[in-house]
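Reviewing the structure listed below.
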Amino acid sequence: MNETLAIAKYAWTKFSVIVNGFLAAAALGLLIAGIAWQVELPKYIIGGALSLSYLSLILCFFILIGMCSLSFRANSLDPNSGYDQWLMRLPIQSWKLAMIPVGLVTAWLSTVWITVALLVRLFDGRALPLSQALAMSASAIFFYSLVWKPQRSGWHRIALLVVSLPLLYIVAFGVLFVMEEAPQWLPQASMASVLIYAVSIGFAIHSVKQARVSTFQQSRSNAAVVSESPRRDVKQLSFVNSSDALQWHDCSRFQSNKPWKALGVVSLALLLIAILPLSGATAIVAFLVLALITMTLTSSRVEPSVHGFQSSLPSYLLASPIRSRSMAWIRLRGYAVEHCQLILLASLLLLLSFLWQENRATFWRWWINVARESSAATPIRMMVTIYLSLLVVAIGVSLRVLCIQLYGHSSVVLWSTGALLLSLATPISFAIAWFIQQTSWEHVDLELAKWRDWLYKLFFVGLAIKLVVDVIFVWLTTRHLVSALEAVRIISTWSVLVIAAAFAWRAIWPATHLPNLEVPFTTVLMSATLVFPLSICFAAPLAVEANRHRSV
Amino acid sequence: MSDPVAAIEIDHLSCKFRRDEALHDICLTIPTGSVFGLVGLNGAGKTTLIRHLIGGLRPQLGRVRVLGEDPTLTPESVMQRVGYVAEEDALPRWMTVGQLIAFMRAMYRNWDDKLCRELLETFSLDPTKKLADLSKGGRARAGLLVAIAHRPDLLILDEPSYGLDPIARQDILEAVVRTASDEGRTVLFSSHLLDEVSRVCDSVGIICGGRLLEIVAMQDLSERYSEVVCELVGGMSVPPQISGFFGWQNRGREWSVAVDRSVHADDSSIRDSLGSHLILDVRAISLERWFAARVAANGTTVATASPKVEVVSR
């Protein structure tokens, strides 16, 4: 077996299970569609089965492009080359290492494109340019080269990839654009695609050569090596105390993940903006979805929970002389701050929905209607109070979930978080689903009036449960983790916060202008008592302690 | 039973992970100022015992005191005086050596900057290097540095030299000796590299199947046990059962066996017990041979033994 065949087989063995799985799914979809068509089942079944096939084939197409790159463990954030390290150690010339994936991807994309061109010729009669296959291959090879080339930092590579994507898109489909827009230039475009293909091969060979030098020669001239060299100045760190050090530890540990988090939030916010038409209900839904996603992202601050009898804390924290309660409170504070930051970022992004003319019109219509009935400041007061209420609810829920996470035991974390989220999400989603279906505000008002008695009863039940839970946690913690004085201080601070929040809410909420939105102060106070978490200050130290000193 | 100067006191400690017994009725007292070696096969219970000492596991049955305190109740005060090197390569790899030192310096009140600088130099560690970029030996040295730079009263090393090169192992041993040479400091050294244990430890305890089989002072080992090499008459394939003889090992025609000198105080007693079998050599037992014999004999020896408090002599 020659080298090329051996490496192709190596790549195939890595992906064969996945590719075969998708191909089987595609075949199954076709089979179901065929049978459904024969026995005249409803059309949506045939459509669903065909969609399954189509989706499987698309995924297969991209997986095979990934397979051809021979970058099985590529991590964009790693400044070193993404080319398979094991292959780079083999006694194969660098140009050959580059040419094998180039050949594989060209063969794969050409096969697909020629098949598509034949099908189009057969059914549509149009002739598609075959040089398009080379253009698509060139685009893929440029992409591979960026992944293979060692960079000064991972973010340098990501920036290059992001900037290159539109260019690669133009390279990939340029011939088709020319055929559609200016067919007289098609021969020149085809020639250009051949030239670009040749350049891409040169770039690929250069990247692989650099990758090998970087990995095995440790040359100082190489960017990736220089970036990791000890000559880089490290700022002298100094901490006031162990709490300060732990705060820094938690913030810095996943520093490299933060841009990813931000990217995740941005993408999701943009997606929500694109798919949801603006209305009060959809804005609330979007906010809650984003709060949930940001909660998941922020939870990476805490060590992942573990199975079995070990602590999830790393041994250097487990055996450190820092108090369990300090560890818990520092983590609560850091988590709350980061979650708030991410929610605010997401909220700002939601404002981008105003770029759409229809959304602006909807918003202004609502603004003018409300302002006409009351005063000019009423809409903004309504928005601020609703936003702040939702923010407090979201942060409160996520801090409660954090307390469970601090316990560090996988099964407990999974079940408790699931139960907590389900108990919150079920009534909220039902309420939102009901609210979205309503067309008249008067009807909503009437229904709410009917529910008000029930809601009040639920309020009392909720309050009673919360207070009992709070008392239990305070009692458990004050036995040895928190002094009575500290407990009193925490409870006093929380009480002041709740009362201040209730007064602030009452002051901002425009009830005087809209009497039908009047909410009694006791209700506001009860809501604040429910929403502002108290038990977390006591449950978190208990969770850290239980995680740190495991009972078996 | 209770020693006022004991660095470690373990009193009838038992631990079960579901149905698997990890520790069985361990009683152990390690006095301040000694270097104690804990040896055992993989899965014998060494790490579980050490986890109890650093407060990572709360005792199910029994009591653990480290430097006179319960490590699960007051970790903030106990761990100020304890240095710990974990079995696994668990340092935060995203930190540089300098950041790790700054982080640990903030944790310990008694951090000694001068000692830290000395150790940095001895271990040839570059503070600007990321831990992820260091070799396994480099990370082990960094872990050791932060474990001893606050001059702990008790240093606990859980398999610190496992998988390391000879130079890194040597550095670790020197650190153990250095810590022990400071007045009143105690070292608990867990390993299954017995030559290292024999070089640095004052006394050694064998743990097997969660049971502490025996503790012996290194200087007493050769007085308490001997190794006898003999040839069995008629090429017997099963060694004879003789009181005080344990851990038979077949080496071709020869057999090696450990002999308890409390049962057979002199060579004539050994000769009488072996009868017609040909004695080739009676020699001082090595730690490795004693360990192998003790572990091999575990099934018969321990089952009948009632738990007793093991106190390490200084």
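Miscellaneous remarks
- Criterion: under 30 Å from A:Trp260 (Cα atoms) and not assigned by TED's automatic domain parsing to the domain that holds A:Lys209 - qualifying residue of A:Ile58, A:Ile45: A:Ile58
- Of B:Gly205, B:Gly184, all but one fail to be of a type in the set (Gly, Ala, Ser), on the phi > 0 side of the Ramachandran plot and touching a residue at least 12 places away in the same chain (Cβ under 8 Å); the exception is B:Gly184.
- A:Asp233 being farther than 30 Å from A:Ser326 by Cα and either within 12 Å of chain B (Cβ to nearest Cβ) or modelled with pLDDT of 90 or more (or both): yes
- Sole exception among (1) of a type outside the set (Asp, Glu); (2) away from chain A (no Cβ under 12 Å); (3) touching a helix residue (DSSP H, G or I) at 6+ places or on another chain (Cβ under 6 Å); (4) under 19 Å from B:Glu88 (Cβ atoms) for B:Ala142, by number: (2)
- Residue match in region B:148-156 (condition: at pLDDT below 90, buried (at least 19 other Cβ atoms within 10 Å of the Cβ), more than 9 Å from chain A (Cβ to nearest Cβ) and not in a helix (DSSP H, G or I)): no
- Matching residues, region B:1-57, being of a type in the set (Gly, Ala, Ser) and either more than 28 Å from A:Ile322 (Cα to Cα) or touching a helix residue (DSSP H, G or I) at 6+ places or on another chain (Cβ under 6 Å) (or both): B:Ser2, B:Ala22, B:Gly37, B:Gly40, B:Gly43, B:Ala44, B:Gly55, B:Gly56
- Any hit, region A:253-261, residues being on the phi < 0 side of the Ramachandran plot, over 15 Å from the mean Cα position of the chain (by Cα) and of a type in the set (Gly, Ala, Ser): no
- Selection of first residues in region B:242-262 that are in a strand (DSSP E or B) and of second residues that are among the acidic types (Asp, Glu) and surrounded by 18 or more Cβ atoms within 10 Å (Cβ to Cβ), restricted to Cβ pairs under 9 Å at least 6 apart or on distinct chains, gives the following pairs, ordered by first then second residue: B:Ser256/B:Glu227; B:Val257/B:Glu227; B:Ala258/B:Glu227; B:Val259/B:Glu227.
Here's the yes/no breakdown for (1) in contact with a strand residue (DSSP E or B) (Cβ under 7 Å, 6 or more places away or on another chain); (2) among the basic types (Lys, Arg); (3) modelled with pLDDT under 90; (4) buried (at least 20 other Cβ atoms within 10 Å of the Cβ):
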{"residue": "B:Met79", "(1), (2), (3), (4)": "no, no, no, yes"}
{"residue": "B:Val82", "(1), (2), (3), (4)": "yes, no, no, yes"}
{"residue": "B:Leu120", "(1), (2), (3), (4)": "no, no, no, no"}
{"residue": "B:Pro160", "(1), (2), (3), (4)": "yes, no, yes, yes"}
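- Residues in region B:42-70 that are surrounded by 22 or more Cβ atoms within 10 Å (Cβ to Cβ) and assigned to a strand (DSSP E or B): B:Leu57, B:Val64, B:Val66.
- Take the conditions (1) within 15 Å of A:Ser279 (Cβ to Cβ); (2) in contact (Cβ under 8 Å) with a residue 40 or more places away in the chain; (3) touching a helix residue (DSSP H, G or I) at 6+ places or on another chain (Cβ under 9 Å); A:Trp367 misses just one of them, which is (2).
- Tabulated pairs, region B:45-74, first within 17 Å of B:Ile30 (Cα to Cα), second crowded, with 24+ Cβ neighbours inside 10 Å and of a type in the set (Ser, Thr, Tyr), C-beta under 7 angstrom, 6+ apart or interchain: B:Lys46/B:Ser190; B:Ile50/B:Ser190; B:Ile54/B:Tyr84
- Region B:106-121 - residue that is basic (Lys, Arg) and within 29 Å of the chain's Cα centre (by Cα) and, of those, nearest to the other protein chains (Cβ to nearest Cβ): B:Arg109
- Taking the conditions (1) at the interface with chain A (Cβ under 7 Å from one of its Cβ atoms); (2) within 26 Å of the chain's Cα centre (by Cα); (3) free of Cβ contacts under 8 Å to residues at least 12 places away in the same chain in turn, B:Phe103 satisfies each one other than (2).
- Selection within region B:206-238: residues that are over 27 Å from B:Ile26 (Cβ atoms) and either at pLDDT below 85 or among the small types (Gly, Ala, Ser) (or both). The member of this set that is surrounded by the most Cβ atoms within 10 Å (Cβ to Cβ) is B:Ser226.
- Pairing each residue of region A:57-70 that is within 19 Å of A:Ala98 (Cα to Cα) with any residue that is in a loop (DSSP other than H, G, I, E, B), provided the two are 6+ apart or on different chains, yields C-beta distances under 7 Å for A:Leu70/A:Tyr83; A:Leu70/A:Asp84.
- Restricting region A:242-267 to residues that are among the hydroxyl-bearing types (Ser, Thr, Tyr) and without any contact (Cβ under 8 Å) to a residue 24 or more places away in the chain, the residue that is nearest to the other protein chains (Cβ to nearest Cβ) is A:Ser252.
- Picking from residues in region B:125-134 that are in contact (Cβ under 8 Å) with a residue 12 or more places away in the chain and either away from chain A (no Cβ under 12 Å) or not in a loop (DSSP other than H, G, I, E, B) (or both), the one that is surrounded by the fewest Cβ atoms within 10 Å (Cβ to Cβ) is B:Ala132.
- Screening A:Trp494, A:Trp475, A:Trp441 for residues that are assigned by TED's automatic domain parsing to the domain that holds A:Ala377 and over 30 Å from A:Ser324 (Cα atoms) leaves exactly one candidate, A:Trp441.
- Test: residue in region B:51-63 that is aliphatic (A, V, I, L, M) and either at positive phi or within 9 Å of another protein chain (Cβ to nearest Cβ) (or both): yes
- Any hit, region A:15-35, residues being within 29 Å of the chain's Cα centre (by Cα) and among the hydroxyl-bearing types (Ser, Thr, Tyr): yes
- One residue alone among A:Pro91, A:Pro129, A:Pro101 is over 35 Å from the mean Cα position of the chain (by Cα) and under 16 Å from A:Tyr197 (Cβ atoms), and that residue is A:Pro129.
- Condition check for A:Ser375: at pLDDT below 90, touching a helix residue (DSSP H, G or I) at 6+ places or on another chain (Cβ under 8 Å) and not in a helix (DSSP H, G or I): no
- Single unsatisfied condition, B:Val64 versus (1) closer than 30 Å to A:Gln255 by Cβ; (2) touching a helix residue (DSSP H, G or I) at 6+ places or on another chain (Cβ under 8 Å); (3) not small (Gly, Ala, Ser): (1)
- The set of residues in region A:520-548 that are in contact (Cβ under 8 Å) with a residue 12 or more places away in the chain and outside any helix (DSSP H, G or I) comprises A:Phe532, A:Pro533, A:Leu534, A:Ser535.
- Positions within region B:269-314 being in a helix (DSSP H, G or I), exposed (fewer than 14 other Cβ atoms within 10 Å of the Cβ) and at pLDDT 85 or above, in sequence order: B:Asp272
The values are calculated or read from the model by the stated rules, or taken from the named source; none is laboratory data. In this text the structure is predicted, and so the values were computed from the model without any measurement. No Cβ is skipped: glycine too gets one built from the backbone with ideal geometry, and neighbour counts run over all protein chains shown.
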